[in-house]
Structures are given as structure tokens and as C-alpha cells.
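Notes for the one structure printed next.
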Amino acid sequence: KVFRGTEAGFLRLVMLALDQHFYMRGQTVVVQNEPAYGMFFIAKGEVEVLVNNVQASTLSTNMAFAEDAVLSDVEKMTYTVHCLGYTQHWSLARADFLALLPQFPQVQAKVPEMRRRVRRFNKAQADEQTEPDRPPLIKDASSMGLSRGNFDVTPTAPNQLVASGFVHPDSTLMKFWN
């Protein structure tokens, strides 16, 4: 719900700026203390979040992380994210997000509120998920390093995409903004 209440035109341009990534079990998405380039939306799959090599939380389909990488000037990741299985992510680079803001001054004015909303949500999630035998969920969604990959793209019929489990960003990402 990062961009809740923003203009439809802005949301559409954000969706067009997204990059799709696929990861296999055990692959690292972002690394603690590495540069933060943008944020991720998990379209399919599950990841574990590690702080100082200790599991802090697990995130899954329709969740996002590294929001502060686009909403603030965070320069380094404060956690590492590993995939627990096959995952599909959509990423939004900070540079792409910042390039859109001048076209939407009302959205630009809402960025501080978006940042506060994300931090409140993360704190509430941490309070709900804290267990005595494990560390709490990360209380401050920080930043992330972006691992880009090259993918072989071949034309596929729409019914084959649906059968393969492909998730279009419009369907997944609108869940974050409604």
C-alpha cells in the first residue's frame, strides 16, 4: 500500500517503469551494506530477511520490501534477502521513481507521508510477528541493492502465460495501491 491515494496516471507510469526478475531457491536478492537502488514487489514466492545473518522475517507473495530505497535517500541495505524457493519480483529503481515525480507535484508532496505510512506499517507488522525465540520483523524498511539479470524472452501465447503461473504487474501491483 506504498502508493495508496496517488494519481492513476502516476501509478500507470510506475508500472511501466518496473523490471521483472526471477530468482531460484537460495539466490540472494539484496545484500546488507551494499548499495540501495530501488524497491521490490514480490509477485510470486517467498523470501527470508536476514539482519547480521540472523533471520528477522519471511515475506511472501503480494508483499514489498526496500520501500525506503525509493522514498528516501538511504544509500545502503540494512538487511540481506534470500529466496526460499522460485520467486518472481518486480523492481522499481530509485532513479525511475525520482524521474516521475516532477510530472506529478501532488505525488511529490505526498512522499513524506508515504514514508511515514511504510514505517508505521512495518512497525505494526513487527509488533504482530514478534516471537520470543526469534528476532522481530524489520521495523524500518530500508533500502536495497538491485541484482539485474538477463532473461531470454520468447513470444508466448497469453493462455500459455496464465498456465505457467506468469503474474502481470497490473494485477499484482494494484493490490499494493488499493
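Which far-off residues, 5 or more places away or on another chain, put their amide H under 5 Å from the one on Lys76, with H placed in the peptide plane?
Ala36
So how much slack lies between Thr58 and Gln20, counting 0.36 nm per residue of separation and subtracting their Cα-Cα distance, in nm?
Gain on stretching Thr58 to Gln20: 11.6 nm.
Mean 1/r over all different Cα pairs, inverted: what Kirkwood radius does the range 7-107 give, in Å? Numbers along the way, then the final one.
Numbers: mean 1/r = 0.0712 Å⁻¹.
The Cα-based Kirkwood calculation yields 14.1 Å.
Using 0.36 nm per residue of separation minus the Cα-Cα distance, give me the extension gain between Gln27 and Leu84 in nm, one decimal.
Values: separation 57, 0.36 × 57 = 20.52 nm, distance 0.82 nm.
Computed gain between Gln27 and Leu84 is 19.7 nm.
For the range 1-133, with all protein chains present and a 1.4 Å probe, just round the carbon and sulfur fraction of the accessible area to a whole percent.
Carbon-and-sulfur percentage of accessible area, whole number: 53.
Say the dipole of the range 1-80 comes from +1 at the beta carbon of Lys and Arg and -1 at that of Asp and Glu; which of Gln32, Ala56, Gly5 then lies farthest toward its positive end?
Gly5
Quickly work out the Val51-to-Glu75 label distance, labels modelled 7 Å from Cα along the C-beta direction, and quote it in nm with one decimal.
Here the answer is 2.2 nm between the modelled labels.
The values are calculated or read from the model by the stated rules, or taken from the named source; none is laboratory data. Since we're looking at a predicted model, the values are computed, not measured. Because the Cβ atoms are built from the backbone with ideal geometry, glycine has one as well, and the counts that use them run over all protein chains shown. Accessible surface is based on the protein model in full, side chains and every heavy atom, while ligands, DNA and RNA are left aside. Shrake-Rupley method; radii C 1.70, N 1.55, O 1.52, S 1.80 Å.
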